[in-house]
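Undergrad: Structure provided below as structure tokens; questions to follow.
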Amino acid sequence: MSIVKIKDKSFRTFIPEEEIQRRVKAVADRINKDMDGKNPLFLSVLNGSFMFAADLMRYVTIPCEISFVKLASYQGTASTGVVKEIFGINEDLQDRTVIIVEDIVDTGFTMKRMLESLGTRGPKSLHVCTLLLKPDKLQVPLNIEYVAMEIPNDFIVGYGLDYDQQGRNLRDIYTLAE
């Protein structure tokens, strides 16, 4: 286990890179099976999901497309509770199978807002794929079909997740050290 310091906080290894990759591949295998013949559009939520989306796409073997949307609801280590759409989707979603790729779902408010917004664009179906899920923090009912890992309600960093925009480049996922 290693310790990294980011700004004023210390973090310890929580999920090593090898475990992350194993779980990402397992999710991709399920998507390959479930979405065979559907040519899904993966919609990656920036900034946090960029690493997960890149690795996921390397394991996806079916015909597909990817695009990006940027939403924000975090500041420091806590959710602001307010979801701000920073830039949206340029693709026509009418009759498309869409898979939202998220780094982490905790309260679920961001995902709920995104599903509502995308639902107005006439997709054939909407699916949610997340690297991490905090089931104990979830406050809204969501159907999250593809979950790589469930984790406790700890603050984490690394593999795309940040602490005040720092630490996204770490290969492992870290949690706050006590």
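Undergrad: Output the number of the condition that Glu91 fails; it satisfies all remaining conditions of (1) modelled with pLDDT under 95; (2) open to solvent by 20 Å² or more (accessible area, probe 1.4 Å); (3) in contact with a Lys or Arg (Cβ under 6 Å, 6 or more places away or on another chain); (4) among the acidic types (Asp, Glu).
TA: (3)
Undergrad: For segment 165-178, give me the residue count where each residue is of a type outside the set (S, T, N, Q), part of a loop (DSSP other than H, G, I, E, B) and modelled with pLDDT of 95 or more.
TA: Let us first name the residues in segment 165-178 that are of a type outside the set (S, T, N, Q), namely 167-168, 170-174, 176-178.
Narrowing further to those that are part of a loop (DSSP other than H, G, I, E, B): 167-168, 170-172, 177-178.
Right, trim to modelled with pLDDT of 95 or more and you get 167-168, 170-172.
Of the residues in segment 165-178, 5 are of a type outside the set (S, T, N, Q), part of a loop (DSSP other than H, G, I, E, B) and modelled with pLDDT of 95 or more.
Undergrad: Looking at segment 23-45, can you tell me whether even one residue there is closer than 15 Å to Leu161 by Cβ, modelled with pLDDT of 95 or more and exposed (fewer than 15 other Cβ atoms within 10 Å of the Cβ)?
TA: There is no residue in segment 23-45 that is closer than 15 Å to Leu161 by Cβ, modelled with pLDDT of 95 or more and exposed (fewer than 15 other Cβ atoms within 10 Å of the Cβ).
Undergrad: May I pose another question? Among the listed residues Ala54, Ala26, identify the single one that is free of Cβ contacts under 8 Å to residues at least 60 places away in the same chain, at negative phi and of a type in the set (Gly, Ala, Ser).
TA: Values: Ala26 fails: free of Cβ contacts under 8 Å to residues at least 60 places away in the same chain.
None of the other options fit; the residue is Ala54.
Undergrad: Read through the list (1) open to solvent by 30 Å² or more (accessible area, probe 1.4 Å); (2) at pLDDT 95 or above, then give the number of the only condition that Lys84 fails.
TA: The failed condition is (2).
Undergrad: Here's something else I'd like to know. Name the residues in segment 1-48 that are assigned to a strand (DSSP E or B) and hydrophobic (A, V, I, L, M, F, W, C), would you? Walk me through it before giving the result.
TA: Keep residues of segment 1-48 that are assigned to a strand (DSSP E or B), which gives 3-6, 9-15, 41-46.
Across segment 1-48, the qualifying residues are Ile3, Val4, Ile6, Phe11, Phe14, Ile15, Leu41, Phe42, Leu43, Val45, Leu46.
Undergrad: Could you list, in sequence order, all residues of segment 1-32 that are among the charged types (D, E, K, R) and under 19 Å from Phe52 (Cα atoms)?
TA: Filtering segment 1-32 down to residues among the charged types (D, E, K, R) leaves 5, 7-9, 12, 17-19, 22-23, 25, 29-30.
Correct list: Glu17, Glu18, Glu19, Arg22, Arg23, Lys25, Asp29, Arg30.
The values are calculated or read from the model by the stated rules, or taken from the named source; none is laboratory data. Model, not experiment: these values are computed from the prediction. Cβ coordinates were reconstructed from backbone atoms using ideal geometry, including for glycine residues, and neighbour counts include every protein chain displayed. For the accessible areas, the whole protein counts, side chains as well, though only heavy atoms, and no ligand, DNA or RNA atoms are used. Shrake-Rupley method; radii C 1.70, N 1.55, O 1.52, S 1.80 Å.
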